[in-house]
Structures are given as structure tokens and as C-alpha cells.
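J.: Before I ask anything, here is the structure I am working with.
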Amino acid sequence: MLHGRERECAQVDQLLAAARERRSGALVVRGEAGIGKSALLDYAAARATGLQVLRTAGVQTESQLPFAAVHNLLLPVLDRSDAIPERQKTALLGAFGLGPGAPGAPGDRFLISLAVLSILAETAETAPLLCLIDDAQWLDGPSADALTFAARRVQAEGIVVVFSARDDPAKPFVAQGLPELTLTGIDAGSAGTLLAERTSVEVAAPVRDRLVADTLGNPLALSELARSLSTDQIAGRAPLPDQLPVSTDLERLYLERASELAPDTQTLLLVAAAHDNGQLDGVLRAAQALGVGPGALGEAETSGLLRVDSAVVSFVHPLMRSAIYRGATTQRRREVERVLASVLDPDIDADRKAWHLANAAAGPDAEVADALHAAAQRASARGGHAAAAAALDRAAALTATPELRATRLADAAGAAWLAGQPDRARALLDQATPLAAAAELRARIAHLRGSIEANCGTPSAAYAILFNASELVTTLDPMRAARMLGEAGQIAWTSGDLAHLSEVTRRLAELPDGGVPGFVGAHVITGLSGFLRGDTTDTAARLRAAADLAGAGQEPRALVAAAAGAMFLGDDSRAIDLFYTAVAKIRAAGEAASLPAILGPLAMVETLTSRYAAALADATEGLRLAEETGQLNPAAHLRGVLAVLAAVQGRPEECREKAGIALNQAITQRLGPHAAIASWARALLDLGAGRPAQAFDRLEALATAGPGEGNQMVMLMATADHVEAAVRTQHQAAATAALDRLQAWASDTGARWANALAARCRGLLANEGDQDPHFAEALRLHAPGGRPFDTARTQLLYGESLRRRRRRADARKYLRSAHETFERLGATAWAEQARSELLASGETARKRDVSTAEQLTPQELQIARFVSQGETNRGIATSLFLSPRTVDYHLRKIFAKLGLSSRAELMRMFLSDDTLAGQSP
Ligand SMILES: Nc1ncnc2c1ncn2[C@@H]1O[C@H](COP(=O)(O)OP(=O)(O)OP(=O)(O)O)[C@@H](O)[C@H]1O
Ligand SMILES: [Mg+2]
């Protein structure tokens with residue numbers, strides 16, 4: 001029975017009530033030891049009428065069996081795995097060691113996390129579901145990842161996930177994005193009731209107050225104190241001791257209780273404390289091997305220290321477990337760990353055996369280290385990257401040879417990075433570095449360090465690391481050298497550093513075989529270096545070569561490099577194709593952590609080609625994943641693109657907010673393109689709202705921005721806006737200079753968008769009488785389509801010019817068309833401009849209904865896109881890391897918002913709307 005805690009109980013009741021109405025929720029209950037977290041979880045379980053309940057708990061042990069806690073949680077519902085997609089099922093069962101694991105490609109933690117979500121959602125189909133996860137601070141890493149991943153994504157299943165986690169600075173439970181509830185001591189009144197309940201005599205008021213004051217209302221401390229005091233002391237007839245044993249002294253109390261038991265029983269307790277999963281038969285077998293007689297279990301149970309529940313032994317309180325484990329001598333602990341290992345089957349339980357042996361090891365031990373290494377490899381193959389990292393880390397600690405130790409630390413770092421733990425990965429690399437002697441190993445360490453730094457840290461530091469270390473493997477491993485240089489080159493480009501870019505280009509060309517033919521990145525880097533030097537002809541040729549070289553067989557990184565090349569050349573459909581292929585590959589492999597760096601540039605091309613719905617959906621997803629994995633630099637890119645979209649679609653607040661954050665990060669880390677995109681977004685917002693002077697100032701500043709604060713390629717794309725703002729504010733010279741640069745690029749590359757925009761700009765700059773041929777030329781170049789927003793902007797400007805020259809009928813023709821397009825694209829500010837121009841030319845345009853894209857949230861749009869491609873809910877759920885029921889829930893909302901009743905209608909709508917159409921996500 002809980003005393004006090006009315007507010008907390010109400011919060012739990014609310015979650016349960018919502019679940020009964022199929023609204024999902026999650027909660028992390030935090031607080032110190034004994035404060036009542038588990039008690040609140042028990043309360044939830046007791047109140048869960050009509051709900052199915054699944055429970056699991058983290059276990060305080062050195063061994064890190066991947067997915068042990070998830071396995072425990074799902075044990076009662078594992079038969080539902082037949083209902084989840086095959087790939088997920090294989091990955092999940094593999095993760096539990098129940099199947100072969102994902103063959104070939106190591107499953108990613110996202111795939112397994114998704115499988116967990118799917119199986120919970122599947123279970124919730126029959127009745128709402130309550131998942132209780134106690135002692136989350138001790139969850140094995142992969143379980144913590146998978147369970148928080150699922151908890152963040154439940155929406156419409158009727159699932160409640162409640163975690164409890166003790167505040168433990170050494171083992172914090174990180175659960176970003178989940179609501180929290182922190183428990184503090186219970187109030188004096190409730191404490192009094194609790195004491196009264198636990199003692200047989202009446203508690204004297206001063207005694208009660210002293211206990212409450214000393215324990216700060218911690219229920220466990222209160223009850224243990226009550227237990228340790230005599231009847232006379234409680235009744236106030238005898239004085240209380242000066243020091244009341246509280247908090248960590250509880251361990252001592254437990255040890256005292258244990259020391260009163262028979263030696264055999266004490267041994268049994270130690271075995272149970274050291275055991276990794278508490279399975280009764282395992283504990284008994286090990287105890288027997290240590291000579292413990294059959295009566296010990298009974299005594300342990302009657303002592304109230306140990307509990308046996310469905311063949312699992314557990315301590316009545318986790319503090320007791322750690323007290324007993326730590327209370328034993330090192331010698332004795334090792335002995336017990338060794339025996340625990342010896343009773344395990346070397347094949348079936350190889351991983352657990354390896355961990356117990358590791359705990360038993362007194363110093364470096366090659367055999368045990370090898371066993372852990374093998375366990376790590378199995379964990380990786382099942383997608384348990386965090387577990388692999390832990391096992392490799394421990395294997396390294398047991399390895400005496402410095403070089404092998406360094407290799408294992410580097411492998412551990414690689415696994416931690418894949419698990420989305422950049423800080424851990426860095427710390428492991430720090431340990432590996434001083435031990436590594438061989439060039440290949442040093443290069444591998446530097447490569448990983450550089451990649452992490454580029455995404456999560458300081459790109460200029462990443463550049464130095466990658467560039468310098470690539471030299472180590474020029475002849476030993478030219479492909480690695482090329483990839484490192486490729487990444488360094490990308491950073492040099494981003495920071496606008498021509499010297500670095502040239503240096504990388506030179507190094508790439510000097511690699512054996514003339515620079516690894518077939519390495520797409522080399523062409524892109526060389527091309528971009530030409531661009532910064534002003535040699536646009538060479539740039540065009542190089543980028544073309546990159547785009548042509550890329551094929552479906554290549555790795556995603558190469559495809560993305562080629563896609564970027566195609567994008568710069570204005571080959572929009574090729575760029576989008578290549579991006580989609582790369583994204584599809586990464587999604588299929590479940591490697592969601594690699595998506596942010598790709599979704600940024602992809603969303604940018606989608607924005608340039610007015611695929612706003614797709615761009616919004618992709619960038620939103622990318623940003624969410626970037627934040628989940630600590631990738632601040634890709635996040636700046638994604639925010640910049642979202643700011644551009646917000647500017648075009650008339651969401652000024654959002655535009656300012658996103659651009660502000662993006663700029664801050666971009667300027668600090670010298671991410672030129674990201675900064676330029678964010679500034680361009682702000683300028684577009686000004687231009688759309690009729691503030692050309694502000695727009696001009698921003699774009700002029702951007703055009704002259706130093707390296708790392710702007711970017712010439714983005715500037716080319718923004719030229720038409722720059723010229724428009726300049727012309728509207730009588731800055732002829734600046735306009736001409738900008739146009740010249742765009743014209744050169746247009747001539748050298750033949751990019752259609754560039755030629756069309758250059759013609760529009762010439763029209764803007766021409767004298768009144770000479771404008772027509774330029775605008776006509778622009779419209780002719782726009783005609784094949786592909787960038788409807790650009791086309792409509794030209795029509796608007798041409799219409800405006802015609803109207804000023806009193807050619808009203810001609811003006812109306814262009815303005816009408818522009819207005820129509822802006823309305824359809826949801827480009828509200830420009831639709832407004834077109835409307836007032838039309839009005840001035842003598843025609844009233846009606847405001848159209850809100851466009852489809854505007855009515856839907858980014859997630860709904862993303863789902864609608866997949867449906868329009870003929871995807872099933874199940875397939876969509878897999879691709880977007882959601883449960884099918886949540887997909888279904890959104891789909892019903894989509895239908896309601898758009899007034900549709902079938903998937904077929906939705907497909908038709910997408911086919912007929914070119915802001916939505918033609919996108920295979
Ligand atoms: N509000 C309460 N009223 C009465 N008893 C309580 C209350 N809160 C906790 N208790 C009791 O106090 C003891 C400790 O609580 P509990 O085990 O829930 O702590 P905890 O926060 O889970 O600690 P840990 O971090 O060590 O797991 C238990 O015996 C529990 O039944
Ligand atoms: Mg607890």
C-alpha cells in the first residue's frame with residue numbers, strides 16, 4: 001500500500017486510461033535508492049485492469065549480454081514475432097541468440113529496435129499493453145537503446161512504457177525525449193502512517209520526526225530504520241542512537257542480516273548476486289559445485305533476502321545484491337565467477353561464459369580475451385553494437401600485447417559509433433591511440449576519429465586528422481587513403497578552404513594507379529576544387545564524370561557524392577535518383593544513423609525542384625535522427641533546408657527559429673554551405689514579404705562572406721534572388737556582378753536552371769523596352785518543367801514588367817499562371833504578390849483552398865507519399881521506424897483531412913499534384 005504519492009499515482013492512472021483509448025505514452029520515473037520507484041511500478045501493475053502487463057528489469061552485473069532485458073520483457077509474447085516483418089523477426093531472434101541472426105549484413109540496432117516496437121504493437125492489437133522496466137540504469141546498452149527507441153515512437157497503439165531509474169552518476173539512464181517524473185521523499189504525515197504500519201508499537205511523535213528528518217522521507221530508509229530500532233526506542237521510552245544508519249549504511253544493514261545466516265546460505269547468496277540472469281537452475285548448479293547443501297535455498301528464502309519467482313531468483317532489494325557482491329573478498333568473488341562459468345555450456349552459453357570468466361580474471365588473460373572478442377563478434381552480427389563495444393572494451397583490458405589491445409579498443413570504438421554513442425567511441429579511441437604502432441591501425445583509428453569529429457564535433461580538426469593520417473596507408477591501403485581524403489576534401493569544401501581542397505586533390509591524384517579509378521569522391525573533390533579556383537569548365541567535366549560513374553552497385557557514400565555532382569550540374573532527376581538509391585540502401589540495412597548526412601542534401605534538391613512535401617518530410621525525419629545520434633553538423637544543414645521551406649511556404653516564425661539555430665552552429669563550426677542556406681532562407685523570407693532592402697543586405701553579405709561562412713555554389717543558386725533584391729533597391733552594379741558569375745556557370749555547365757535564371761536576371765536588368773526577349777528566353781528554358789517555383793517567379797516578374805508598361809492583357813496571362821502555381825505550391829507570400837499584381841492589372845484572383853501539402857504534418861506527408869507508391873502499412877512502418885498501427889492512425893487522419901476514402905484516391909491525388917507527385921521516398 002502506497003502512502004502519499006497522490007499526484008504520481010494520478011499521473012500513472014492517466015497513462016493507463018489513455019491506453020484504454022488507444023493513446024500510447026511513456027514515463028521515466030527517477031529518484032534515489034529506496035524512494036519508491038519500484039513501488040510506483042507495482043502500483044501501475046495493480047491498476048492495469050484490462051491491460052496486458054510485461055515486465056523486465058536491468059540487472060547490476062558486469063556482464064553485458066546484449067538484449068537480455070528486452071528478451072526478458074518479450075518472453076511471454078515471443079510467439080507474436082511471427083506476425084512482424086521477416087527481416088525484423090530474423091534480426092530480433094538473432095539478437096536473442098535464438099536464430100542465425102541477419103545473414104551477411106550485420107543488423108543495425110535500429111532494425112532490432114524496430115522489431116521490438118513491432119512486436120509490442122502487435123501484442124497491443126488484442127488489448128492495451130503496459131510495459132514496466134525497473135532499474136533501467138542497469139539495462140544492458142542495446143536493451144536500453146531498443147526500449148527507449150520504442151517508447152519514443154509509440155503513438156496510437158495503446159501502449160504505456162514506464163521506466164524506473166535510480167539516479168546513479170556512474171550509470172545514468174539516458175532517455176532523451178521521454179517525459180520524466182522525479183520522486184522525492186514522502187511527506188511527514190505519510191511517513192508516520194508508513195512507520196505505524198511497519199511497527200507493532202505506537203511511534204512516538206518526536207521519534208517519527210527525527211526519523212523523517214534523518215531520512216528525508218525515503219520510505220526504504222524509514223522502514224529499515226524502524227526495523228533496526230528496539231520497541232522501547234520506537235515508543236520513545238529509550239533514547240535513539242546519535243547516528244541513525246541511513247542511505248549507504250543500508251548496505252551494512254543487509255550485510256549484517258546476511259552474516260547471521262549459515263555459511264552455505266551465504267555462499268548461495270553470493271552466487272545469486274554474481275549470477276547474470278538469476279535462473280534458478282543455474283544458480284543451484286553453481287552453488288552445488290561450490291559444495292552448498294540442499295537446505296540453503298530454503299533458508300535464504302525464509303530469511304526474506306532472496307525471492308524465487310517462476311524459477312528466477314531475485315533479491316528483495318537490489319541494494320542487497322550489490323552489498324553482498326561487494327561485501328565478498330575479491331578472491332571469493334573470482335572463485336564464484338569461475339564456477340558460474342564452469343557450469344555453463346560452452347556452445348549455447350558462450351557469451352555468458354566469456355563474461356563470467358572475464359569477471360574471474362585477475363589480470364590479462366589471452367584466452368578469456370579471445371572468448372570475449374568472439375562474443376563481441378556475435379553481438380555485432382546480431383546488431384548489438386553497444387554490447388559488442390562493451391565486450392571488446394573488456395577484451396582489450398584483458399589483452400597484454402599493446403598492438404592487439406589497441407586493435408580491440410579501436411574495434412570497440414567502431415562499434416560504439418555504430419551504436420550511436422560518439423562520446424564513448426572517442427574515449428575508446430583515446431585509449432587506443434598511444435598503444436597503436438602499425439600504420440594501418442593508426443590510419444583506421446584516425447579515420448574513425450575524423451568521421452566522428454566531422455559529424456559531431458569540429459570539422460577543421462577532423463580535416464587535419466583525416467588528411468594527415470591518410471598518408472599512413474597510401475601504399476598499404478590506397479582505398480582507405482582515398483576514402484579518408486574524400487572525407488577531408490568534403491570538409492575543405494564545406495569550410496571554403498581552397499588551399500586544403502587543392503592539397504587533397506593533389507594527394508588523391510598521387511595515389512597509386514592515378515588515384516583509385518572508380519572512386520567517385522575523387523572526381524567530386526577535384527571538380528569542386530576547380531570551382532573554387534574559378535575553373536568552372538573543368539568542374540563541370542569532373543562532376544559529370546562522377547555522376548556518370550555512379551551505379552546501383554556502389555556504396556551509399558559514393559552514390560551521394562555523385563548525386564551532389566549531378567545536383568550542382570542541374571541534372572535534377574539524376575541527382576534525385578541517386579539520392580533515392582542511396583537512401584533506400586541505408587533504409588534497407590536499417591542504418592538509420594547514417595541517414596541525416598544524406599537527407600540534408602536530398603531535401604535541398606527536393607526544395608530546389610519544388611517537391612516541398614517530400615523535402616519537408618525528409619528534412620524533418622533527418623533532423624530527428626540527427627538529434628537522436630548527436631550529429632550537430634548535419635542537423636545544421638537540415639535546419640537550413642527547413643528554414644528555406646518555411647520561408648517559401650509562409651511560416652516566418654519557423655524560418656527565423658530554424659535559420660538562427662542553423663547559423664549559430666554553422667558559423668561556429670565553419671560549415672559554409674549550411675550557413676549560406678540558412679542566410680538564403682532569411683533573405684527569401686524578406687523578399688517574399690516585400691522587404692527587398694533587407695534581402696539585399698543579407699545576400700550581399702553572403703556573396704562576400706569569408707570561407708566557412710558562405711558558399712559560392714549556394715550563392716549561385718541564390719543569384720536570381722540576389723539580382724531581384726538588387727534591382728528593386730537600385731544596386732545595379734552588385735546585380736551585374738552577381739549575374740556575371742551565374743552566367744559563367746550557366747555557359748560552362750549548360751545547366752538549364754542556371755541558363756533560365758540568368759535570362760530572367762538579364763530581363764530584370766534590361767531597359768524597359770528591351771526586356772521582352774530575355775523574359776521570353778527564360779520562359780522557353782523553364783518550359784520543360786522541373787522547377788515550377790522558379791518558372792512562376794519568372795512569370796510574376798515578367799507580368800509585373802508588362803503591367804507597368806500597361807500591357808495589361810499580356811500581363812494577366814503570366815500573372816494568372818504564376819498565381820496558380822504559387823497557390824498550388826503553398827508559396828503564400830508569392831501568391832499574395834501575384835494576387836496584388838493581378839488586381840493592379842484589373843483582375844481579381846480568388847484565394848485557393850489550402851493545398852494538400854499544407855494540411856498534413858510532415859509525418860503524415862511522409863506516410864502519404866509511401867501510400868501513393870503503393871506501399872503497405874507494414875512496409876511503411878518498417879521504412880519510417882514506426883508501428884503499423886501508428887501508420888494506420890495517421891492514414892485515417894490523412895483521409896479525414898483530405899476528404900478521401902481509399903488508398904486509390906490518395907494515389908490519384910498524388911499523381912495529379914506535382915508538389916507531391918513522382919517521388920519514390
Ligand atoms: N509511498 C510509499 N508508501 C509505503 N511504502 C513505500 C512507499 N514507497 C516505497 N515504499 C516501500 O519502500 C521500499 C523501497 O521502495 P522501492 O523498492 O520502490 O524503492 P526504489 O525507488 O525502487 O529503490 P531502488 O532504486 O533501490 O530500486 C519498498 O519496501 C516499498 O514497498
Ligand atoms: Mg526499485
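J.: So which residues in the range 342-373 are over 35 Å from the mean Cα position of the chain (by Cα) and within 17 Å of Val271 (Cβ to Cβ)?
T.: Ser342, Val343, Leu344, Ala360
J.: If I filter the range 364-386 down to residues being in contact with a Lys or Arg (Cβ under 9 Å, 6 or more places away or on another chain) and under 24 Å from Ala144 (Cα atoms), which single residue comes out as most open to solvent (accessible area, probe 1.4 Å)?
T.: Among them, the one singled out is His373.
J.: Are any of the residues in the range 500-508 within 32 Å of the chain's Cα centre (by Cα), among the hydroxyl-bearing types (Ser, Thr, Tyr), part of a helix (DSSP H, G or I) and surrounded by 23 or more Cβ atoms within 10 Å (Cβ to Cβ)?
T.: Taking every residue of the range 500-508 in turn, none turns out to be within 32 Å of the chain's Cα centre (by Cα), among the hydroxyl-bearing types (Ser, Thr, Tyr), part of a helix (DSSP H, G or I) and surrounded by 23 or more Cβ atoms within 10 Å (Cβ to Cβ).
J.: Here is a follow-up. For the subset of the range 167-191 comprising residues that are over 23 Å from Ala389 (Cβ atoms) and among the charged types (D, E, K, R), which member is farthest from ligand 1 (Cβ to nearest atom)?
T.: Restricting to residues being over 23 Å from Ala389 (Cβ atoms) and among the charged types (D, E, K, R), the top hit is Glu180.
J.: Under 28 Å from Ser113 (Cα atoms) and in contact with a helix residue (DSSP H, G or I) (Cβ under 8 Å, 6 or more places away or on another chain) - does that describe any residue in the range 360-370?
T.: For the range 360-370, residues under 28 Å from Ser113 (Cα atoms) and in contact with a helix residue (DSSP H, G or I) (Cβ under 8 Å, 6 or more places away or on another chain): absent.
J.: Restricted to the range 283-336, and to residues that are over 42 Å from the mean Cα position of the chain (by Cα) and among the β-branched types (Val, Ile, Thr), which residue is farthest from Thr265 (Cα to Cα)?
T.: Of everything passing the filter in the range 283-336, Thr329 is farthest from Thr265 (Cα to Cα).
J.: Just to confirm my filter: which helices (runs of 4 or more DSSP H) fall fully inside the range 510-575 and include at least 1 residues that are buried (at least 24 other Cβ atoms within 10 Å of the Cβ) and either at negative phi or at pLDDT 85 or above (or both)?
T.: 520-533, 536-549, 556-569
J.: Condition test on Ala358, is it surrounded by 20 or more Cβ atoms within 10 Å (Cβ to Cβ), among the hydrophobic types (A, V, I, L, M, F, W, C), in contact (Cβ under 8 Å) with a residue 40 or more places away in the chain and more than 16 Å from ligand 1 (Cβ to nearest atom)?
T.: So Ala358 fits the description; yes.
J.: May I ask you to list pairs of residues, at least six apart or on different chains, whose Cβ atoms are under 9 Å apart, with the first in the range 37-54 being of a type in the set (Val, Ile, Thr) and the second being within 16 Å of ligand 2 (Cβ to nearest atom) and in a helix (DSSP H, G or I)?
T.: The qualifying pairs are Val53/Ala44; Val53/Ala45.
J.: I've got another one for you. Mind listing whichever residues of the range 271-290 are surrounded by fewer than 18 Cβ atoms within 10 Å (Cβ to Cβ) and free of Cβ contacts under 8 Å to residues at least 24 places away in the same chain?
T.: Passing the criteria: only Gln288.
J.: Out of all the residues in the range 1-22, which are in contact (Cβ under 8 Å) with a residue 40 or more places away in the chain and touching a helix residue (DSSP H, G or I) at 6+ places or on another chain (Cβ under 9 Å)?
T.: Residues satisfying the conditions are Met1, Leu2, His3, Gly4, Arg5, Glu8, Val12, Leu15, Leu16, Ala19, Arg22.
J.: Just for the range 18-42: of the residues that are open to solvent by less than 50 Å² (accessible area, probe 1.4 Å) and farther than 25 Å from Lys171 by Cβ, which one is nearest to ligand 2 (Cβ to nearest atom)? So that I can check it myself, show each step before the final result.
T.: Restricting attention to the range 18-42, the residues satisfying the condition of being open to solvent by less than 50 Å² (accessible area, probe 1.4 Å) are 18-19, 24-31, 33-41.
Narrowing the set further to residues that are farther than 25 Å from Lys171 by Cβ leaves 18-19, 24-25.
On the way: Ala18: 25, Ala19: 23, Ser24: 24, Gly25: 21 Å.
Only one residue fits best here, namely Gly25.
J.: Would you check if Ala746 is under 30 Å from Leu501 (Cβ atoms) and outside any helix (DSSP H, G or I)?
T.: It is false that Ala746 is under 30 Å from Leu501 (Cβ atoms) and outside any helix (DSSP H, G or I).
J.: Let me ask another. Confirm whether Thr794 is at pLDDT 95 or above and β-branched (Val, Ile, Thr). Steps first, please.
T.: Values: at pLDDT 95 or above: yes; β-branched (Val, Ile, Thr): yes.
So Thr794 fits the description; yes.
J.: For the range 43-61, which positions are open to solvent by less than 40 Å² (accessible area, probe 1.4 Å), away from ligand 2 (no atom under 15 Å from the Cβ) and of a type outside the set (Gly, Ala, Ser)?
T.: Of everything in the range 43-61, those that are open to solvent by less than 40 Å² (accessible area, probe 1.4 Å), away from ligand 2 (no atom under 15 Å from the Cβ) and of a type outside the set (Gly, Ala, Ser) turn out to be Leu51, Leu54, Thr61.
J.: For the range 128-143, name all the residues that are more than 16 Å from ligand 1 (Cβ to nearest atom) and either under 18 Å from Val12 (Cα atoms) or part of a helix (DSSP H, G or I) (or both).
T.: Pro128, Leu129, Leu130, Cys131, Gly141, Pro142, Ser143 - these are the residues of the range 128-143 that are more than 16 Å from ligand 1 (Cβ to nearest atom) and either under 18 Å from Val12 (Cα atoms) or part of a helix (DSSP H, G or I) (or both).
J.: What do you reckon, is Leu825 open to solvent by less than 40 Å² (accessible area, probe 1.4 Å) and in contact with a Phe, Trp or Tyr (Cβ under 7 Å, 6 or more places away or on another chain)?
T.: When the stated conditions are applied, Leu825 passes them.
J.: Can you list the helices (runs of 4 or more DSSP H) lying wholly within the range 149-233 that have 1 or more residues being open to solvent by 60 Å² or more (accessible area, probe 1.4 Å), touching a strand residue (DSSP E or B) at 6+ places or on another chain (Cβ under 7 Å) and in contact (Cβ under 8 Å) with a residue 60 or more places away in the chain?
T.: Fully inside the range 149-233 and qualifying: nothing.
J.: Which count do you get for residues in the range 1-58 that are basic (Lys, Arg), within 14 Å of ligand 1 (Cβ to nearest atom) and not in a strand (DSSP E or B)?
T.: Residues meeting the conditions: 3.
Here's the yes/no breakdown for (1) out of contact with any Leu (no Cβ under 9 Å at 6 or more places or on another chain); (2) modelled with pLDDT of 95 or more:
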{"position": "Gln11", "(1), (2)": "no, yes"}
{"position": "Ala33", "(1), (2)": "no, no"}
{"position": "Leu54", "(1), (2)": "no, yes"}
{"position": "Thr61", "(1), (2)": "yes, no"}
{"position": "Leu75", "(1), (2)": "no, no"}
{"position": "Ser81", "(1), (2)": "no, no"}
{"position": "Leu92", "(1), (2)": "no, no"}
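The values are calculated or read from the model by the stated rules, or taken from the named source; none is laboratory data. Just so you know, these numbers come straight off a predicted model, no measurement behind them. For neighbour counting, all protein chains shown are included, and Cβ atoms are generated from backbone atoms with ideal geometry for every residue, glycine included. For accessibility, only protein heavy atoms count, side chains too; no ligands or nucleic acids. Shrake-Rupley method; radii C 1.70, N 1.55, O 1.52, S 1.80 Å.
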